[in-house]
Amino acid sequence: WIVAVYVDPEHVHKGIGSMILARTIEMARHGHNDAIRLEATLNASAFYARAGFREIARSTVHRNHIEVPVVLMEM
């Protein structure tokens with residue numbers, strides 16, 4: 001389980017997030033053949049879609065007493 005991953009706004013669009021995601025998918029695939037699922041924030045869903053994830057539902061999670069809308073995605 002990974003709870004949250006963010007790239008510092010000063011370093012976005014430099015491939016850092018893509019490298020982290022590629023390595024994470026590689027690690028998740030090791031001995032795991034089922035779908036890989038995640039909860040993306042609304043602003044991150046396009047990033048995950050470009051990596052091959054597809055939206056399966058929308059939901060809300062609670063973080064620090066705040067309701068956060070998320071996109072449930074899988075690949």
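The values are calculated or read from the model by the stated rules, or taken from the named source; none is laboratory data. Please read all numbers here as calculations on a predicted model, not as lab measurements. Glycine also receives a Cβ, built like all others from the backbone with ideal geometry; neighbour counts cover every protein chain displayed. Ligands, DNA and RNA are stripped out before the accessible areas are found, and what is left, the full protein with its side chains, is counted by its heavy atoms. Shrake-Rupley method; radii C 1.70, N 1.55, O 1.52, S 1.80 Å.
Label-to-label distance, ILE25 versus ARG63, with points set 7 angstrom from Cα along the beta-carbon direction: 2.2 nm. Percent of accessible area on the chain owned by carbon and sulfur, 1.4 Å probe? The nonpolar share, carbon plus sulfur, comes to 55 percent. Only one of (1) 12.8, 36; (2) 11.3, 33; (3) 13.5, 38 was calculated from the structure for Rg and Dmax of the Cα atoms in Å, and its label is (1). Solvent exposure of the chain amounts to 81 Å² per residue of accessible area, where only protein heavy atoms count and the probe is 1.4 Å.
Charge tally for ALA51 (other residues, Cβ to Cβ under 14 Å; Lys, Arg +1; Asp, Glu -1): +2. Pairs of Cα atoms nearer than 8 Å and 6+ residues apart set the relative contact order; for the chain it is 28 percent. Phi-derived couplings, Karplus 6.51 cos²θ - 1.76 cosθ + 1.60 at θ = phi - 60°, listed residue by residue for the stretch 68-74: 10, x, 9, 10, 7, 9, 8 Hz, with x used for Gly and Pro.
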